[in-house]
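Trainee: Please read through the structure below; I'll follow up with questions.
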Amino acid sequence: MFRVDNADFIADKLASELLPDQEQREVYMNAEEAVRRRFEAQGVDSGGRIEFDVDWPMHGEMGEWLLCCADNGDGMSHVDLEKYTTTLAVEGANKNQSITGNQGMGLKIAGPTRHKRGVLIRSLRDDEAWMVQVGWDGDEYGLIPIGPADEVVMPVGKEMFPDFVLEQGSGSVVTFLGNDEGDNTFKPPGRPKGWLFKYLHQRFFRLSEGGIEVFVRVPSGDEPEWPATRAEADERQRGEGRSFNLSRVRGTATRWDEASANLGDEFRGFVDLPGDPAEDEPAARLHWWVFPEGGVDVSTRTASPGSVSVLFQNELHDWQQSNQANAYFARLGVLFGKSRIGFILEPLGSTISSDFARAHVLIGGTPVFQTDAWLTWAEQFRIAMPEKIKQTMAEEQARLQHEDPDRARRIQNRLKDVMQLLRPRRFRRDENGNLIAGGPPATGSGGGSNGSVVERSSGQGRRRKKGAKRRGIGAVLTQVDGADQGPAQEVFSLLKITPQWVTEKDAETFAIVNGNSKGLHDRAAALAGEDGVTADILLLNLDFRGYQTLVASLNDWANPDGNDDVSAKIETSVQEWIEQKLVESVNGLRQLENGSTWVPSNFDDALSPVALTAAFMADRYHTLREVKRQIGSLRTASVGS
């Protein structure tokens, strides 16, 4: 039997691992379990209610704005209150203590460590009501004396409970007191008024189902305008005065259902992914939603489209949003239309758990997105991608197509010679090959990408047959000598790049490589795809000030009268030469790849939006010179007229 010499240290250490607002998750889970226990004891399946609200009785006594969570569950007795609030890792009333179940530590760790003044707990059961306060007394965590004779458990009047608890005859109220007297825990300083409403939506997959309704009080206006009593708040709920409403919490899945509903039921669903049992990779279910063109605003309630999360036991973990989600969408094959699509990944099976902090979902102890199972699921999803997602990506891609199909050919011809200057040797596995090749793959782990690759045998001048199947570039080897040698033939491989001129807003729909927090904002260009080696879409920023300055300067020089046709030709010419410069930068740098000193991870940085902006800014002289040469006749015509 282990002994604990310094439980306060353990509490602080465990609390340091918790996510922000974790105490709200813990108090909700306790409330839900209490309601479920009552359901089972009474043989019912409805009538449960959980409210996050102002602690109105405490506000009336002290004038403070304190957040409380009230439930009409089974309540706790005098003995229960003392036992469950002071013992770490205690087996709760549900008797479900386990690594994947209740660990008996949540609120005791998340509450008092973040509210040193304490957590006040009132509970009603068998017509008796009791109260305790758990916090930091200056020396240690524990029950704080609240009675006239330093009692730690005190009887409390029933007027300290909301009506829905009294009507049921049982339940609990947990109030967060903050760290100092006068702290506002209902709407903490610097937090938006709907902070808790959004937190609970984003934390849970679905709520207010299964017979339990969940509500959060959402204020409006400033503190002096808030109601003074629960009765006044209820009047505002009926539309009498500025809103101060109890709003139902439904969870992310329900909100995303509502947001995609205008498109029809076929624009949301799930794909079952078998995993790979032979490699101990479990199955999973990937839930997906497609949202209307132009986007939808669900940001006041939960994560916006373009996000991905992991689902475990109705809770959402590991949210990847905005630019953080780019690599995950690219892995799933979604390069276009990212801002119109949302994903929630649900791993299945007995090997799935979560860490103590409920921050990550684990497979055999490893966070989901760090496992090989995630790579397997992503590949399986790309194969089984729903048609509505493919349709959405095609719509977004078509919206951005440029109108000069010969531009790519002209650029390719001009770069033909320079791309031969440092052509690395590549070898493809071939049982009939006349060489022995080995070494690491040139591009990634060998899985390849969905991008097309121009490939032919080295030394052969003929092109691939029209319509021939293109393969991913991923399994090309880098050297003649090396590990895992085998028959091979030498080939020339070059990943085809598709330039797309987009606005910064358009770019939000793409999965950008290494976009960090800025994406394409104030950047010249970015790659869209899974990584810097295999990404085959080059985004060029129409809003970038460096580009806009070039266009304006050339218009001043060649189009002083502001002729629209001349201006359009100038801009087209500028775009072509910028495309050439950045296509050369990307493909030229990729020629350095050798599987040892230049490996795939280097290219995410070397071809990031920041690095591509440096390439743009470094060679404006030649861009200006070539564009002036190309549009010189336009200037002469403009001046002559």
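Trainee: If you scan the stretch 331-357, which residues turn out to be within 16 Å of the chain's Cα centre (by Cα) and charged (D, E, K, R)?
Mentor: ARG331, LYS338, ARG340, GLU346
Trainee: What do you reckon, is GLY562 within 32 Å of the chain's Cα centre (by Cα) and more than 19 Å from LEU415 (Cα to Cα)?
Mentor: no
Trainee: Here's something else I'd like to know. Within the stretch 617-641, take every residue that is open to solvent by less than 30 Å² (accessible area, probe 1.4 Å) and not polar (S, T, N, Q) and give me the one that is modelled with the lowest pLDDT.
Mentor: GLY632
Trainee: Where in the stretch 504-604 are there helices (runs of 4 or more DSSP H), lying wholly inside it, with at least 2 residues that are of a type in the set (Gly, Ala, Ser)?
Mentor: In the stretch 504-604, the matching helices (runs of 4 or more DSSP H) lie at 545-558, 564-590.
Trainee: Taking only the stretch 245-284 into account, find how many residues are over 18 Å from ALA303 (Cα atoms), at pLDDT 95 or above, part of a loop (DSSP other than H, G, I, E, B) and of a type outside the set (Gly, Ala, Ser).
Mentor: Number satisfying all stated conditions: 2.
Trainee: Part of a strand (DSSP E or B) and in contact with a strand residue (DSSP E or B) (Cβ under 8 Å, 6 or more places away or on another chain): does that describe VAL152? Give the steps one after another, and end with the answer.
Mentor: Details: part of a strand (DSSP E or B): no; in contact with a strand residue (DSSP E or B) (Cβ under 8 Å, 6 or more places away or on another chain): yes.
Judged against the criteria, VAL152 is not a match.
Trainee: Within the stretch 520-539, how many residues are more than 12 Å from THR613 (Cβ to Cβ) and touching a residue at least 60 places away in the same chain (Cβ under 8 Å)?
Mentor: The qualifying residues number 11.
Trainee: Further question: Based on this model, can you work out whether LEU177 counts as out of contact with any Lys or Arg (no Cβ under 7 Å at 6 or more places or on another chain) and of a type outside the set (D, E, K, R)?
Mentor: No, not satisfied.
Trainee: Considering only the stretch 285-323, how many residues are free of Cβ contacts under 8 Å to residues at least 12 places away in the same chain and among the acidic types (Asp, Glu)?
Mentor: Number satisfying all stated conditions: 1.
Trainee: Of these, ALA614, ALA568, ALA558, which one is among the aliphatic types (A, V, I, L, M), surrounded by fewer than 16 Cβ atoms within 10 Å (Cβ to Cβ), at pLDDT below 90 and more than 30 Å from ALA378 (Cα to Cα)? Break it down stepwise before answering.
Mentor: Numbers: ALA614 fails: at pLDDT below 90; ALA558 fails: surrounded by fewer than 16 Cβ atoms within 10 Å (Cβ to Cβ).
Only one candidate qualifies: ALA568.
Trainee: Right, something else. I want to confirm something. Restricting to the stretch 571-596 and keeping residues that are open to solvent by 50 Å² or more (accessible area, probe 1.4 Å) and under 20 Å from ASN514 (Cα atoms), which single residue is modelled with the highest pLDDT?
Mentor: That would be GLU584.
The rows are residues; the columns are (1) at pLDDT 85 or above; (2) at positive phi; (3) open to solvent by less than 10 Å² (accessible area, probe 1.4 Å).
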{"position": "GLU23", "(1), (2), (3)": "yes, no, no"}
{"position": "VAL27", "(1), (2), (3)": "yes, no, yes"}
{"position": "VAL35", "(1), (2), (3)": "yes, no, yes"}
{"position": "SER46", "(1), (2), (3)": "yes, no, no"}
{"position": "ILE50", "(1), (2), (3)": "yes, no, yes"}
{"position": "ASP53", "(1), (2), (3)": "yes, no, yes"}
{"position": "ASP74", "(1), (2), (3)": "yes, no, no"}
{"position": "ASN102", "(1), (2), (3)": "no, no, no"}
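Trainee: Do we find a residue being part of a helix (DSSP H, G or I), modelled with pLDDT under 95 and under 28 Å from ASN30 (Cα atoms) anywhere in the stretch 210-223? Give the steps one after another, and end with the answer.
Mentor: To start, the set of residues in the stretch 210-223 that are part of a helix (DSSP H, G or I) comprises 223.
Imposing the further condition that a residue be modelled with pLDDT under 95 reduces the set to 223.
Narrowing further to those that are under 28 Å from ASN30 (Cα atoms): none.
No, that holds for no residue.
Trainee: Taking the conditions exactly as written (out of contact with any helix residue (DSSP H, G or I) (no Cβ under 7 Å at 6 or more places or on another chain) and β-branched (Val, Ile, Thr)), does THR300 satisfy them or not?
Mentor: Working: out of contact with any helix residue (DSSP H, G or I) (no Cβ under 7 Å at 6 or more places or on another chain): no; β-branched (Val, Ile, Thr): yes.
Criteria not met by THR300.
Trainee: Right, next: So, in the stretch 188-209, exactly how many residues are assigned to a loop (DSSP other than H, G, I, E, B), open to solvent by less than 50 Å² (accessible area, probe 1.4 Å) and in contact with a helix residue (DSSP H, G or I) (Cβ under 9 Å, 6 or more places away or on another chain)?
Mentor: The number of residues fulfilling the criteria is 4.
Trainee: Still on this model: If you take the residues of the stretch 520-546 that are of a type outside the set (Asp, Glu) and surrounded by fewer than 20 Cβ atoms within 10 Å (Cβ to Cβ), which of them is nearest to GLN324 (Cα to Cα)? It would help to see each step written out before you state the result.
Mentor: Of all residues in the stretch 520-546, those of a type outside the set (Asp, Glu) come to 520-521, 523-529, 532-535, 537-542, 544-546.
Restricting the remaining residues to those that are surrounded by fewer than 20 Cβ atoms within 10 Å (Cβ to Cβ) gives 521, 542, 545-546.
Numbers: HIS521: 15, LEU542: 23, ARG545: 25, GLY546: 26 Å.
Filtering the stretch 520-546 for residues that are of a type outside the set (Asp, Glu) and surrounded by fewer than 20 Cβ atoms within 10 Å (Cβ to Cβ), the one nearest to GLN324 (Cα to Cα) comes out as HIS521.
Trainee: Can you confirm whether TRP289 is assigned to a helix (DSSP H, G or I), more than 14 Å from the chain's Cα centre (by Cα) and modelled with pLDDT of 95 or more?
Mentor: no
Trainee: A follow-up question, please. Out of all the residues in the stretch 214-229, which are surrounded by fewer than 18 Cβ atoms within 10 Å (Cβ to Cβ) and either over 15 Å from VAL54 (Cα atoms) or not β-branched (Val, Ile, Thr) (or both)?
Mentor: SER220, GLY221, ASP222, GLU223, PRO224, GLU225, ALA228
Trainee: On to the next question. Within the bounds of the stretch 107-121, is there any residue that is open to solvent by 30 Å² or more (accessible area, probe 1.4 Å), over 40 Å from the mean Cα position of the chain (by Cα) and over 30 Å from SER220 (Cβ atoms)?
Mentor: no
Trainee: The conditions are (1) under 30 Å from GLY47 (Cα atoms); (2) surrounded by fewer than 19 Cβ atoms within 10 Å (Cβ to Cβ), and ALA259 fails exactly one of them. Which is it?
Mentor: Every condition holds for ALA259 apart from (2).
The values are calculated or read from the model by the stated rules, or taken from the named source; none is laboratory data. Bear in mind that the values here come from a model prediction, so they are computed numbers and not experimental data. Virtual Cβ from ideal backbone geometry, glycine too; neighbours counted across all protein chains shown. Protein only, heavy atoms only, side chains kept; ligands, DNA and RNA dropped before computing areas. Shrake-Rupley method; radii C 1.70, N 1.55, O 1.52, S 1.80 Å.
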